[in-house]
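Take a look at the structure set out below.
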Amino acid sequence: MNNRLQKLSQWMKDHDIQVSFVTSTENVFYLSGFFSDPHERLLGLAVFQDEEPFLVCPAMEKEDAKNAGWVHEIIGYSDIQNPWEFIEKSIHNRIGKIGKAAIEKEHMNVERYEAIMKLFNGAEFVSAEEKLRKLRMVKDEKELEILREACELADFAIQTGCAEIQEGKTELDVLAAVEYALKKKGVNEMSFSTMVLTGSNGASPHGTPGMTKIQKGDLVLFDLGVVWNGYCSDITRTVAYGDINDKQKEIYDTVLKAQLAAVEKSKPGVPCSEIDLTARNLIADAGYGGYFPHRLGHGLGVSVHEYPSLTETNSLLLEEGMVFTIEPGIYVPGAAGVRIEDDLAVTADGVEILTKFPKELQIIK
Ligand code: MN
Ligand code: MN
């Protein structure tokens, strides 16, 4: 079994859990190396303390799973077969009575839960999520290498976006050019819907790009990321198109100061809360405390949002191998929105900044 499966099995031994049945695409990928998007069809990975794990997936994806490097049993089922019958057989070939089973409680739906309750009759169900989040939180060198590449592509996307900015182009014009350029570099999926927001649209942290035309004197906010070999990047840059006013400049400078200070604070042993508060207090001191309505950052990896969460209350200590964003923002409704977001990896004594596009205000002529 691979190292990740071994860690999960060890946790199961420690907690007297006889079987883990993992069903989210992200955790199946993390544990097996096989990424599948089976839509409504069942994808599952059964892990035991000592017995061989098995994968269950649509029959048409069996070869893909093998090609992805899965060397253990694969149960493929067709669209007219009931996968639970196969699962029952494979589990009972391996183990007898199940006292405790781990499932992803947040991901499991009621229909599958009913099926699994029948299968593991009388078992106690515990959550596998917390353990898997902790495993995924600390990245190994191979994962870091992929994340570096994902971030390099995110930098390229911002650069492409900046070059596209022109009087009269819409947010969607610029967005389409960015994603087209990425596709030509082999990126087939974004981490989330790309954001290009101009003028006061940038004042909504989760705004939707549309037909608004970019005009001189606007701030243009890009928030985007790519999925690269299963791993996500996530970058935000806000740039100026032509000369901006003093208020916009003041907001930008405040966000940048907060972002740099939080990055500077980040190293092993520092609580997540301290990183968040470093930026938050700076923004509050500048008089914009009420305009920074979200946490400072989030972990990223197989999912674009994962552990650790950088909030003002999270006492978790940073450790080497964690990868997360630092993304303070100030959003003044009707006026301007600025956010600056980097992806960072914690090293032995500080951080490596994975996204490298400049953060000093870029003025596009
Ligand atoms: Mn982002
Ligand atoms: Mn983010």
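Computed from the coordinates by the stated procedures, all read-outs in this text should not be read as laboratory data. Small disclaimer: the values here were computed from a predicted structure and weren't measured. Cβ placement follows ideal geometry from the backbone for every residue including glycine, while neighbour counts extend to all protein chains displayed.
Assorted remarks:
- In this simple spin-label approximation, H39 and E88 carry label points 7 Å from Cα along the Cα→Cβ vector, and these lie 2.7 nm apart.
- Cβ-derived FRET efficiency at R0 35 Å, R133 paired with E360, nearest 0.05: 0.50
- Unit charges at the beta carbon, dipole of region 217-304: most positive-side option, G301, P268, I244: P268
- A Gaussian network model of the chain, with springs between Cα atoms under 10 Å, assigns the largest mean-square fluctuation among A240, A284, A258 to A284.
- Considering only region 3-136, percent of DSSP beta bridges that pair antiparallel, nearest 5: 35
- Shape call, region 3-136: gyration tensor on alpha carbons, a/c limit 1.5: rounded
- Our estimate of slack between N229 and N121, defined as 0.36 nm per intervening residue step minus the Cα-Cα distance, is 35.0 nm.
- Anisotropy class of region 138-364 from Cα gyration tensor, a/c 1.5 cut: oblate
- Selection of GluC sites (Glu not before Pro), region 325-360, meeting DSSP coil and at most 14 other Cβ within 10 Å: E360
- Given their separation in residues at 0.36 nm each and the Cα-Cα distance between them, A348 and K183 gain 55.9 nm when the chain is fully extended.
- Taking E152, E130, E26 in turn, the Gaussian network model of the chain (Cα-Cα springs below 10 Å) assigns the largest fluctuation to E130.
- Annotation: the antiparallel percentage among DSSP beta bridges lying fully within the chain is about 75.
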